[in-house]
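> Quick one: the structure is below, and I'll ask about it shortly.
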Amino acid sequence: MAQITREDLRNFAIIAHVDHGKTTLVDAILRQAGVFRANEAVEERVMDSNDLEKERGITIFSKNASYRYQGVKVNIVDTPGHADFGGEVERILRMVDGVLLLVDAAEGPLPQTRFVLKKSLELDLKPMVVINKIDRPDARPHEVLDQVLNLFISLGASEEQCDFPYLYASSRHGYAKKELDEPDGDLRPLLDMVLKHVPAPQGDPDAGLQMLVTTIAYSEYVGRIAIGRIARGTVRADRSVALCRLDGTTQVARPTKLFSFEGLKREDAEQASVGDIVGISGFPEVLIGETMASPEAPQALPPMTVDEPTISMTFGVNTSPLAGQEGKYVTSRNLKDRLERELLSNLALRVAPTETPDTFVVSGRGELHLGILLETMRREGFELEVGKPQVILKQEGEKTLEPYEQLILDLPTESVGAVMERLGPRRGELKDMQPFGEGRSRLEFSIPSRGLMGFRTEYLSLTRGEGLMHSVFAGYGEYKGDLAGRARGVLFATDPGESTTYALYANQERGTLFIGPQTKVYMGMIVGENSREGDLGVNVTKAKALTNVRNSGSEEAQVLTPPRDMPLERCLEYIEDDELVEITPLNIRMRKKVLDATQRKRMERARAALS
Ligand SMILES: Nc1nc2c(ncn2[C@@H]2O[C@H](COP(=O)(O)OP(=O)(O)OP(=O)(O)O)[C@@H](O)[C@H]2O)c(=O)[nH]1
Ligand SMILES: [Mg+2]
């Protein structure tokens, strides 16, 4: 047996805070490394291939591609930057030998920069740094480079790790350079840095196979494809492989296909060895964290652990009066099967049963993490109803702990007072405050995750849309007791039917409407926000009385204020404990849990009497 070093191969991942330009950089690298034909039309951010990724302009899933440079094959993994998908980054770091940390030259390091750097340092990876977007007029690259160094130091990086190689770059314009005063060229300095600083994979190609399954892809033709990096040994398309399962059993089968990654495509391969990133199909039940091994002496690698979920929500079968009209999958069986399937690849997700078979508690890393799952399910044809997101508390001896976030606000200095005032009752604690560019400030808070819920909407209106806000889970801390709920009540429908302009017009000065005319409503459905405290029933389906028709010519036109747009995540933030969000392929509605107002009152009174 002999260790070899694969000088012909490199594997690295690009990591950063959300929007710092990772996917744009991958585009530029692939283009300049000649992955696309000269005349090939390539869409922007080609790696964001999932529909939801395209719509939202963010990366949700890690993906790999490869290019060739100076005779070396380089596998490159693009990762998501949003904190809710941190679990996705944590596990793919096990697949690479190096990471490239991208930092926006104007924004500087932000919470997720810290998170992904910390995870990389823990795995002993030696990061390369790219100060990106230096073309921005507000770029301050030198200062940001200093801040990055401070971040390394504060995370306890070794001397060697702190001596990181770095470049200044613009991924949008496709260049990188060592010194700012050099002319803008291309990305060759970056491609060279990768070859020089990402260690070539090492291992014994003759030892028994070991490959940790890090990602699962799916193809209509071959089913589940287990993707991972070969730690040792060699895999051949025509030889059996043993799958060491998480439950301790072993399953031996011949792969139906062996894939390697070339550019953006999967290609058939005959064999692959130490350091190669490959896909193996033929194991329909394979799970992330399992090991592909040699059938002669199967040995599992330690499975991956990712941080625990911090937030949970009930997912239930749709019980609204309009249930079953818009979706294909509406039963508890459908829901249970779908959630079980999701667990196979969504590592940071947990699902638990409740007393009723129609409802499950689903836990994840944040509202966006669960929101994306809900959005995916509704597109597949599911109908369901979900409850208000709850943080997951922990018990430590006598003490109750709750999750906290590190919150960074970047906002016009004139809004600082108003914003601080709102964060007080939400139990936000100011940690740091710095002037940040012209007329702006950067504030850092520690705040219970609960206190942050629903804050985004308020914050955007307080800063007239000029505020940026970033948060990341920072750990568990002291439970801060009850927090004030929503300041205003809702307008709920008292009568079922279809909303009319006439009835909406009559009610619109009572608050802010969430629906327009010709919308199906039911009793107890939330149709707007009351301008005062407490809920108010409104009839939004009333038609104009016929006697008025005669004078209609003289009547002024009834012009409705456009309804407030309430997309899914906003609804999740908005609802209170006694309310639900109803999700169907065609509609997102909010409702009271108990639809009948009289019954609701009676239950409230009973509850009050009890306590
Ligand atoms: N000015 C400037 N803008 C850039 C540059 N690179 C990326 N952007 C812009 O920044 C935004 C985010 O770019 P992405 O490449 O999607 O960022 P990302 O890091 O992949 O984002 P996530 O995957 O969601 O974390 C887009 O609007 C890009 O056009 C750059 O070098 N200069
Ligand atoms: Mg991206």
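> Kindly indicate the residue of segment 65-85 that is of a type outside the set (D, E, K, R) and within 11 Å of ligand 1 (Cβ to nearest atom) and also nearest to Q202 (Cα to Cα) among those meeting that condition.
Selected residue: T79.
> Related question: Among the residues of segment 7-16, is any within 16 Å of ligand 1 (Cβ to nearest atom), among the charged types (D, E, K, R), under 27 Å from A231 (Cβ atoms) and in contact (Cβ under 8 Å) with a residue 24 or more places away in the chain?
no
> Here's a follow-up. May I ask you to list the residues in segment 4-17 that are crowded, with 20+ Cβ neighbours inside 10 Å and either within 14 Å of ligand 2 (Cβ to nearest atom) or not basic (K, R) (or both)?
Within segment 4-17, L9, N11, F12, A13, I14, I15, A16, H17 meet the criteria.
> Listed residues E143, E160, E182, E122; which is more than 30 Å from V213 (Cβ to Cβ), free of Cβ contacts under 8 Å to residues at least 12 places away in the same chain and either out of contact with any strand residue (DSSP E or B) (no Cβ under 9 Å at 6 or more places or on another chain) or among the acidic types (D, E) (or both)?
It is E182.
> For segment 115-143, what are the residues that are at positive phi and more than 16 Å from ligand 2 (Cβ to nearest atom)?
Hit for segment 115-143 is D124, nothing else.
> Same structure, new question: Out of all the residues in segment 19-77, which are on the phi > 0 side of the Ramachandran plot and either modelled with pLDDT of 90 or more or in contact with a Phe, Trp or Tyr (Cβ under 6 Å, 6 or more places away or on another chain) (or both)?
Within segment 19-77, D19, G21, Q70, G71 meet the criteria.
> So, in segment 137-161, of the ones that are buried (at least 16 other Cβ atoms within 10 Å of the Cβ) and under 16 Å from G98 (Cβ atoms), which residue ends up modelled with the highest pLDDT?
Taking the candidates together, the pick is F152.
> Still on this model: Scan segment 23-32 and tell me whether some residue there is more than 16 Å from ligand 2 (Cβ to nearest atom), assigned to a loop (DSSP other than H, G, I, E, B) and surrounded by fewer than 20 Cβ atoms within 10 Å (Cβ to Cβ).
No, every residue in segment 23-32 fails to be more than 16 Å from ligand 2 (Cβ to nearest atom), assigned to a loop (DSSP other than H, G, I, E, B) and surrounded by fewer than 20 Cβ atoms within 10 Å (Cβ to Cβ).
> Scan segment 456-505 for residues that are of a type in the set (A, V, I, L, M, F, W, C) and closer than 25 Å to E579 by Cα and report the count.
10
Quick grid of which residues meet (1) in contact with an Asp or Glu (Cβ under 9 Å, 6 or more places away or on another chain); (2) farther than 30 Å from A272 by Cα; (3) crowded, with 19+ Cβ neighbours inside 10 Å:
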residue: V35; (1), (2), (3): yes, no, yes
residue: E44; (1), (2), (3): yes, yes, no
residue: I58; (1), (2), (3): yes, yes, yes
residue: I76; (1), (2), (3): no, no, yes
residue: T79; (1), (2), (3): yes, no, yes
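> With the condition kept exactly as written, say whether any residue in segment 70-80 is more than 16 Å from ligand 2 (Cβ to nearest atom), without any contact (Cβ under 8 Å) to a residue 40 or more places away in the chain and either part of a loop (DSSP other than H, G, I, E, B) or farther than 14 Å from S171 by Cβ (or both).
no
> Give the residues of segment 363-383 that are acidic (D, E), closer than 15 Å to R338 by Cα and in contact with a strand residue (DSSP E or B) (Cβ under 8 Å, 6 or more places away or on another chain), sorted by residue number.
Those that are acidic (D, E), closer than 15 Å to R338 by Cα and in contact with a strand residue (DSSP E or B) (Cβ under 8 Å, 6 or more places away or on another chain): E380, E383.
> I'm checking my understanding of the structure. Among residues of segment 81-114 that are under 14 Å from the mean Cα position of the chain (by Cα) and either more than 15 Å from ligand 2 (Cβ to nearest atom) or among the charged types (D, E, K, R) (or both), which one is surrounded by the most Cβ atoms within 10 Å (Cβ to Cβ)?
D84
The values are calculated or read from the model by the stated rules, or taken from the named source; none is laboratory data. If you're wondering where the values come from, they're calculated on a predicted model, not measured in any experiment. Virtual Cβ from ideal backbone geometry, glycine too; neighbours counted across all protein chains shown.
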